[in-house]
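Notes for the one structure printed next.
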Amino acid sequence: MKYFYPENSILLAPLAGFTDLPYRNSARRFGCKYAFAEMVDAGSLVYGNAKTFRFMERGDNEEWLGAQFLGSNPEILSKATQIMNEYNFDVLDFNLGCPAPKVVKKGAGAALGLRPDDAIRAFDSIVKLSRFPVTAKIRILDEQDPAPTVDLCKRLEASGAKAITIHGRIKDKFYAGDVFHDVIDAVREEVDIQIIANGGVMGTESYDAIREQTGCESVMLARGAMGNPWIFKLLLDPETFLHPTAVELAEEMETHILNMIDYYNESLALKIGRKVILDYLKGRGYGGTMKSRVSKICKLDDFKGFIDDIKQGPNDSYWDWLNYNPDAERQLRQV
């Protein structure tokens, strides 16, 4: 087995619309080392979309940063790779797994993964020009038969992939339903490069299950880390981990959003930060009234007042609920 990442690595996935520099800084405060910038569309990169170039900025404190892009046209991908070469990354990942309709209708992401010949031609165009190691992120191609997924991964390996991350659901299942660990395991058995398991990891139980049932020692987190940077500390050091208090939740949320204000500007940061705030609140006992206030946060003073109220904690009924659900994956600690 050729390892690209050290054994037992925990990776933060490239999440379009989320994993900007402030988001990555939040994850890194809780132990995340291997993080990816937001997914980049190769066409937008080639045709000079200014917003796309912002995705590729690397913080001074980032010891390791991966980039990921997607596309289906080898010529465009070749040009995009040459542009990527001008930046500073530790790996360039090619997306063959995104199921978003706007991506699939262009024949990219998970749709390209279903066309192995085209996928390999696209991947080859990247490997030939990239100055960075090249990896791939895919979805399983069949829930019952591992053979198509194994074949695609073998071909990616032969084309120069240094590692492959596999999401254990097919394209049509998006992010719902069972994760087919056995298909990932079958691939791992058949290739000589590192396979990183992905899909459905929300806490220690799902983390332990995916590692045990796939045989993969390294895992990529996506939705499980949204609004929950503490998950990295939980998985890296479960014996000493403590869930955040309401005050700690509020303070991290505040740091994250203030970082976004510094990175963008107040108006834009508070607009795009609303979804980030809602992710922090998810599963932590704050009711609909509090969540409805998020859409009305337009100025820093609005946000400061909101944070003060978050520090007061959720409704008492939440603590009663938690007594009956002590293993809830996202929770607060009562002081």
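The values are calculated or read from the model by the stated rules, or taken from the named source; none is laboratory data. Small disclaimer: the values here were computed from a predicted structure and weren't measured. Cβ: placed from backbone, ideal geometry, glycine included. Neighbour counts: every protein chain shown.
Please go through the range 17-41 and pick out each residue that is closer than 20 Å to V134 by Cβ, of a type in the set (A, V, I, L, M, F, W, C) and either in a loop (DSSP other than H, G, I, E, B) or modelled with pLDDT of 95 or more (or both). A35, F36, A37, M39, listed by residue number.
If you filter the range 79-107 down to residues that are aliphatic (A, V, I, L, M) and closer than 20 Å to M56 by Cα, you find that the one that is surrounded by the fewest Cβ atoms within 10 Å (Cβ to Cβ) is I83. Total residues in the range 208-236 satisfying the condition of being farther than 21 Å from A136 by Cα and either touching a strand residue (DSSP E or B) at 6+ places or on another chain (Cβ under 9 Å) or touching a residue at least 24 places away in the same chain (Cβ under 8 Å) (or both): the figure is 13.
Annotation note: of V276, V294, the sole residue that is over 15 Å from D308 (Cβ atoms), of a type in the set (A, V, I, L, M, F, W, C) and crowded, with 18+ Cβ neighbours inside 10 Å is V276.
Kindly evaluate A186 against the criterion of being touching a Lys or Arg at 6+ places or on another chain (Cβ under 9 Å), surrounded by 18 or more Cβ atoms within 10 Å (Cβ to Cβ) and either hydrophobic (A, V, I, L, M, F, W, C) or outside any loop (DSSP other than H, G, I, E, B) (or both). Break it down stepwise before answering.
Values: touching a Lys or Arg at 6+ places or on another chain (Cβ under 9 Å): no; surrounded by 18 or more Cβ atoms within 10 Å (Cβ to Cβ): yes; either hydrophobic (A, V, I, L, M, F, W, C) or outside any loop (DSSP other than H, G, I, E, B) (or both): yes.
So A186 does not fit the description; no.
Could you list, ordered by first residue, the pairs with Cβ atoms under 6 Å in which the first is in the range 85-110 and farther than 23 Å from A176 by Cβ and the second is at pLDDT below 95, at least 6 apart or interchain? From residues that are farther than 23 Å from A176 by Cβ, the pairs are Y87/M56. Within the range 115-145, being in contact with a strand residue (DSSP E or B) (Cβ under 9 Å, 6 or more places away or on another chain) and either β-branched (V, I, T) or in a loop (DSSP other than H, G, I, E, B) (or both) holds for I126, V127, S130, R131, F132, P133, V134, T135, I138, I140.
Residue under question is L152, and the condition is that it be in a helix (DSSP H, G or I) and in contact with a Pro (Cβ under 7 Å, 6 or more places away or on another chain); does it hold?
Values: in a helix (DSSP H, G or I): yes; in contact with a Pro (Cβ under 7 Å, 6 or more places away or on another chain): yes.
Yes, satisfied.
Inside the range 247-335, counting only helices (runs of 4 or more DSSP H) that do not spill past its ends, which hold 1 or more residues that are farther than 24 Å from L234 by Cα and modelled with pLDDT of 95 or more? Give the derivation first.
On the way: elements: 266-272, 274-281, 288-293, 300-310, 316-324.
In the range 247-335, the matching helices (runs of 4 or more DSSP H) lie at 266-272, 274-281, 288-293, 300-310.
D279 versus (1) more than 19 Å from the chain's Cα centre (by Cα); (2) in contact (Cβ under 8 Å) with a residue 12 or more places away in the chain; (3) under 17 Å from G203 (Cα atoms): which is the lone unmet condition? Status for D279: all satisfied but (1).
Tallying residues that are within 12 Å of R223 (Cα to Cα) and part of a loop (DSSP other than H, G, I, E, B) within the range 1-16 yields 4. Residue pairs, Cβ under 7 Å, 6 or more apart or interchain, first in the range 153-178 and over 14 Å from L96 (Cβ atoms), second of a type in the set (K, R) and surrounded by fewer than 20 Cβ atoms within 10 Å (Cβ to Cβ). List them. Listed pairs, sorted by first residue: Y175/R223.
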